[in-house]
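**Q** One structure is given below, represented as C-alpha cells, and several questions about it will come after.
Read-outs throughout are calculated quantities, based only on the coordinates presented, and are distinct from any laboratory measurement. Every value quoted in this text rests on a predicted model; they were computed, and no experiment measured them. Note: ideal-geometry Cβ built from the backbone for every residue, glycine included; neighbour counts use all protein chains shown.
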Amino acid sequence: MHPSDYSPRRIFILGLLAYLIILVGVATRNGLMLVLVLPIAVYLLMGLLAGPQKILLEVRRSLSGERTLPGEPVVMTLSVRNIGPALEEVLIEDPLPPAFNVINGSPRCLLPLASGETHTWTYTVAGGRGYYPLLKIRVVANDSLGIVVRETYVPTDGHLFILPHVTRLRRLTIRPRMTRVYSGLIPAREGGSGVEFFGIRGYEPGDSLRSINWRSAARHPEELHTKQFEQERVADIGLMLDARLRTNVIGERSILDHSVLATAALADTLLAAGNRVGLLVYGKYIYWTMPDYGKLQREKILLALARAEIGQSQAFSDLIIPRRLFPAYSQMVLISPVCSDDVAVIVRLRSAGFQVIVVSPDPVAFELGGLPQKKSVRLAARIMRLERAVILHRLQRAGVQVVNWDVSQPFEQVANATLSRPPAWVRAVSWEGQR
Amino acid sequence: VTRFLTLISIVLADVCLGWGFISSNYGFALLAVAALSGLWVFAESRAWTWGSDLGFAAMIAAAAGGIALHFSPGWMIAAALFALVAWDLSHFNARLRFVGAETFIPILERRHFTRLGLVLILTIVLSLLTMQWRVHIRFEGVVLLVLVTVGGMTYLFAWLWGNRTNSGGS
C-alpha cells in the first residue's frame, strides 16, 4: 500500500495519542495505561485491514449542451461504473471551475459502490463566459472508518463553451479604402450599380436610357451623360481584441468582458453584412481566427471569444498584421481600453494603410463605478479623464476613428450612435465632396 | 442518527469520566470535564471538525490522567472508548454532508455502525484480557513491548511526515 493512501490527519491524531499514552505509561510505570491504547490500536487495525485496495472506475459525462450563454443553466449528468473491487465509501467529486455556480443538485456524491454497480446523478450549473474543459473527476475512496484513504482522478470527456452574449447592432457604416470583388453593403468608392449616387460620366453605347442624367442633357444638349452609383461590396475586416493584463485589469476587476461583448456584437453584425472577418486576441498569446465569411466564421469567432483570457503581454510593439490575411487598406477594428504606449502602434497601423477604428471601453468610468464618490476620487478621475482624452485625441489626429464607450451604457446604443453613419470628417472629405 | 449518536457518545464519555472522578473523590474536576464536553458539543453544533479532534484528545488525556492517579480503570477506559466513538462519528457526520442522494445515508450508516460495533466489542474483550494479563507479565517485559511500540510509532511518524512533505500536505 502506498504511503499517500493513508489519511494523514486522522492517523496522525490517533498515532500521537497512542504514542503519548505509552510514554506516560512508561514514565509512571503504570501498565494499565497501555490498556488505554487498545481502543485506538483496534480502531486503526480495523481501518487498515478494510481499506480499499484499488480504485477502478469508469466515468461518463454528458451535458445538456456544449455551448451556452453566461448564466444559462447546463444540466450535467455523471454516470459512474465500478469495474474494480467493491468500495465501502467513495466520494466522487466533479472539480468545477470557480466561475461555475451550482444551481441545483451537487457535484459531489458519497456512496458505497459494489463491484459492477453503476450510479448516475445530475446537477445543474451556470457560469460566466469562458471555455471549460471538463476532463477529470476526483475520486476519494476509504474504508468505513475513514482510516485508509485513496485518491485518484478519473478521466472523462466533456467541455463547455460559455459564449458571450451577442447584441445585434444596426448596419455599421465603415469605409475601408479597399473592398473585395463580391457585392455587399460597404461603399466601394467606385462607380457602377448601386443605390447611392456616385457621379456622372459620358454616355456610352449600351448604357440604359434610365441611367441618363436628363438634367445634364438639358444643360449640354450636344452630349449625354450617364449617372453612376457607388458600388457596394464586402470588405476585409480584422477585429483585434486587446486582452492584456496591463490594460484590462483595473483594481481587482477586469474590463475584458465588456471588450468581449463589443467584439462579439461587431463580429456578428459585420459577418451578417457579408464581410470577411478575422479576429486577433492579443493576451497571453496571440491567437488568430483566420478571416472568413458566414455563420461558421461567426461560430469560430464566438468560440475564440469564449476562450479569451487576460494575459501578461506588455504592448502591441511586436504586433505584425500578416498581409496575406489582411491586405493593405483593409479595415481594422481594435477593441481596447488603450493606454498611452499603444498610440504609436495604432498610428503605425494607420500609416501602413489600414483604416482603423478603436472601440475603447472607458476604464476610468469603469473604475469609478466601483469607488466611493469622494472628492479625492473625483479629482483623480478628472486627471485620468484628461490623460485619456489626450490619448484619444492623438489617435483621432492620426485619422483613427475612436468610439469612446462608457461601459455604464449599452454598447449597441453607443455603436449605433457612432458607427451607424460615417463620422463628419469622412463625409466631408470623401462623400459630400464627390457629389 | 449519526449526529444524535455523536452527542450521546460525548455525553456518555463525559458521564464515565465524571463518575470515575467522583468515585475517587475528585468531584471538583467534574466542572472541567463538563465544560470540556460542553465545548465539544458546541463545536459539533457548528460543524467544526477540529473541535472534535481537540475534544477527543482532551478526553483521552483526562482518562490517561485518571489512570495515572489510580482511578477506576474501567470507567477511564469506557470514557476513552466513548470519546473515540464520538470522534469517529463526528468525522463520519462531516463526510455525510457530501452524500448526493438521501437513499445512501442508511446504507453508509449501517455499514459504519457495524464496523464501529466490531471495534467496540474487540476493544472490550481485549481490554478485559489485557487487564487480566497485566498481573502475570513482568515490568521488564512491558518495557520491552513499549520500546518496540515506540520504535514502530516513531517509524510510522517519520513515514507519515515524509509522505506529507512529499505531497505538499493534505
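**Q** Residues of B:63-70, mean number of Cβ from any other protein chain within 10 Å of their own Cβ, rounded to a whole number?
**A** Working: counts 4, 11, 1, 1, 11, 8, 2, 3.
The mean count of partner-chain Cβ atoms within 10 Å per residue comes to 5.
**Q** For segment B:80-126, just say rounded, prolate or oblate: build the C-alpha gyration tensor, square-root its eigenvalues into a ≥ b ≥ c, call rounded for a/c under 1.5, and beyond that prolate if a/b exceeds b/c, oblate if not. Present the calculation step by step, with values, prior to reporting the outcome.
**A** Numbers: a/c = 5.02, a/b = 1.89, b/c = 2.65.
Oblate.
**Q** Count the DSSP beta bridges whose two residues both fall in chain A, then state the antiparallel fraction as a percent rounded to the nearest 5.
**A** Values: 59 of 84 bridges.
Bridges in chain A are about 70 percent antiparallel.
**Q** Let me ask something else about it. May I have the convex hull volume per residue, in Å³, for the Cα set of segment A:348-409?
**A** Working: hull volume 4.5 nm³, N = 62.
Expressed per residue, the convex hull around the Cα atoms of segment A:348-409 is 72 Å³.
**Q** Can you tell me which of A:216-228, A:109-121 comes out highest on packing, and rank the rest after it, using the mean Cβ neighbours within 10 Å? Let's see the in-between values first.
**A** On the way: A:216-228: 13.2, A:109-121: 16.7.
Averaged packing, sorted descending, gives the order A:109-121, A:216-228.
**Q** For chain A, modelled as a Gaussian network with Cα springs under 10 Å, which listed residue fluctuates most, A:372, A:97, A:70?
**A** A:372
**Q** What's the lysine pair count for the protein assembly as shown at a Cα cut-off below 26 Å, pairs eight or more apart or interchain?
**A** On the way: A:54/A:136; A:136/A:284; A:136/A:300; A:284/A:300.
Step by step, the pairs that qualify in the protein assembly as shown add up to 4.
**Q** While we're here: Place +1 on the Cβ of every Lys and Arg and -1 on the Cβ of every Asp and Glu in the protein assembly as shown, take the dipole about the Cα centre, and give the residue among B:154, B:76, A:97 whose Cα lies farthest towards its positive end.
**A** A:97
**Q** Roughly how tilted is helix A:342-351, in degrees to the nearest 10 and between 0 and 90, from the longest Cα axis of chain A?
**A** 40
**Q** Of A:312, A:55, A:330, whose Cα points farthest to the positive end of the dipole of chain A (charges on the beta-carbon: +1 Lys, Arg; -1 Asp, Glu; origin at the Cα centre)?
**A** A:330
**Q** Could you give the length gained by full extension between residue B:22 and residue B:3, i.e. 0.36 nm per residue of separation minus their alpha carbon distance, to one decimal place?
**A** On the way: separation 19, 0.36 × 19 = 6.84 nm, distance 2.84 nm.
Full extension from residue B:22 to residue B:3 adds 4.0 nm.
**Q** While we're on this one: From zero outward in steps of 5 Å, how is the percent of C-alpha pairs of segment A:1-105 spread across the bins?
**A** That works out to 2, 9, 13, 14, 10, 10, 10, 9, 7, 6, 5, 3, 2, 1, 0, in percent per bin.
**Q** In peptide B:119-126, what is the residue-averaged number of other protein chain Cβ atoms found within 10 Å of each Cβ?
**A** Values: counts 9, 3, 1, 7, 8, 3, 2, 5.
Taking the mean over all residues of the peptide, I get 5.
**Q** With +1 assigned to the C-beta of every Lys and Arg and -1 to the C-beta of every Asp and Glu, and no other charges, what is the dipole magnitude of segment B:1-105 about the Cα centre in debye, to the nearest 20? The partial results should precede the final answer.
**A** Working: 4 positive and 5 negative charges, 22 e Å.
About 100 debye.
**Q** Another question about this same structure. Over all directions, how big on average is the projection of the convex hull of the alpha-carbon atoms in segment A:30-187, in square nanometres?
**A** On the way: hull surface 65.4 nm².
Over every viewing direction, the Cα hull of segment A:30-187 projects on average to 16.3 nm².
**Q** Also, quick follow-up: Please list, in order along segment A:391-406, the HN-Hα scalar couplings obtained from phi with the Karplus expression 6.51 cos²θ - 1.76 cosθ + 1.60 (θ = phi - 60°), rounded to whole Hz, x for Gly and Pro.
**A** Result, ordered by residue: 4, 5, 5, 4, 5, 4, 4, 8, x, 9, 7, 10, 10, 8, 9, 6 Hz.
**Q** Take the Cα pairs of segment A:209-359, get the Kirkwood Rh, then feed it into Stokes-Einstein at 37 °C and 0.692 mPa s and tell me D in µm²/s.
**A** Numbers: Rh = 17.2 Å.
After rounding, the answer is 190 µm²/s.
**Q** Something else: How would you order A:241-254, A:327-340 from highest to lowest mean count of nearby Cβ atoms within 10 Å? Provide the component values of the computation, followed by the final result.
**A** Values: A:241-254: 18.5, A:327-340: 21.3.
So the order, starting with the most tightly packed, is A:327-340, A:241-254.
**Q** Could you order peptides A:73-79, B:73-79 by the average number of other Cβ atoms within 10 Å of their residues, highest first? Please report the intermediate quantities before stating the final value.
**A** Values: A:73-79: 17.4, B:73-79: 22.9.
Descending packing order for the listed peptides: B:73-79, A:73-79.
**Q** Whole angstrom only: what separates the Cα centroid of segment A:367-403 from the Cα centroid of segment A:57-91?
**A** 48
**Q** Moving on to the next point. What residues have an amide H closer than 5 Å to that of residue A:149, excluding those fewer than 5 places away on the same chain, when H is modeled at 1.01 Å from N in the peptide plane?
**A** Placed amide hydrogens put A:6, A:7 under 5 Å from residue A:149.
**Q** Dipole magnitude of the protein assembly as shown about its Cα centre, charges +1 at Lys/Arg Cβ and -1 at Asp/Glu Cβ only, in debye to the nearest 20? If you can, show how the numbers build up before the last one.
**A** Details: 60 positive and 44 negative charges, 326 e Å.
Magnitude of the dipole: close to 1560 debye.
**Q** Next question. List every residue whose amide H lies under 5 Å from the amide H of residue A:167, counting only residues 5 or more places away in sequence or on a different chain, with H placed 1.01 Å from N in the peptide plane.
**A** Excluding prolines and chain starts, which carry no amide H, the hits are A:265.
**Q** Here's a follow-up. Given 10 °C and 1.306 mPa s, compute D for the protein assembly as shown with the Stokes-Einstein relation, Rh being the Kirkwood radius over Cα pairs; round to the nearest whole µm²/s.
**A** On the way: Rh = 30.7 Å.
Answer from the Stokes-Einstein relation: 52 µm²/s.
**Q** Divide, for segment A:271-363, the radius of gyration over alpha carbons by 2.2 N^0.38 Å, where N is the residue count. Don't skip to the end; give the middle numbers.
**A** Values: Rg = 13.4 Å, N = 93, 2.2 N^0.38 = 12.3 Å.
Ratio of Rg to 2.2 N^0.38 Å for segment A:271-363: 1.09.
**Q** To the nearest 20 Debye, how big is the dipole of segment A:49-140 about its Cα centre, given +1 on the beta carbon of each Lys and Arg and -1 on that of each Asp and Glu? Write out the running numbers ahead of the final one.
**A** Values: 9 positive and 8 negative charges, 52 e Å.
It comes to approximately 260 debye.
**Q** Place +1 on the Cβ of every Lys and Arg and -1 on the Cβ of every Asp and Glu in segment A:1-125, take the dipole about the Cα centre, and give the residue among A:45, A:110, A:17 whose Cα lies farthest towards its positive end.
**A** The Cα lying farthest towards the positive end belongs to A:17.
**Q** Which ³J(HN,Hα) values, rounded to whole Hz and listed in residue order, are derived for segment A:236-245 from phi using the Karplus coefficients 6.51, -1.76 and 1.60 in 6.51 cos²θ - 1.76 cosθ + 1.60 with θ = phi - 60°, glycine and proline given as x?
**A** Couplings: 8, 10, x, 9, 10, 9, 7, 10, 6, 4 Hz.
**Q** Just counting partner chain Cβ atoms within 10 Å, what average do the residues of peptide A:21-31 show around their Cβ? Working shown, then result.
**A** Details: counts 7, 6, 3, 5, 7, 7, 1, 5, 3, 8, 14.
Rounded to a whole number, the mean comes out at 6.
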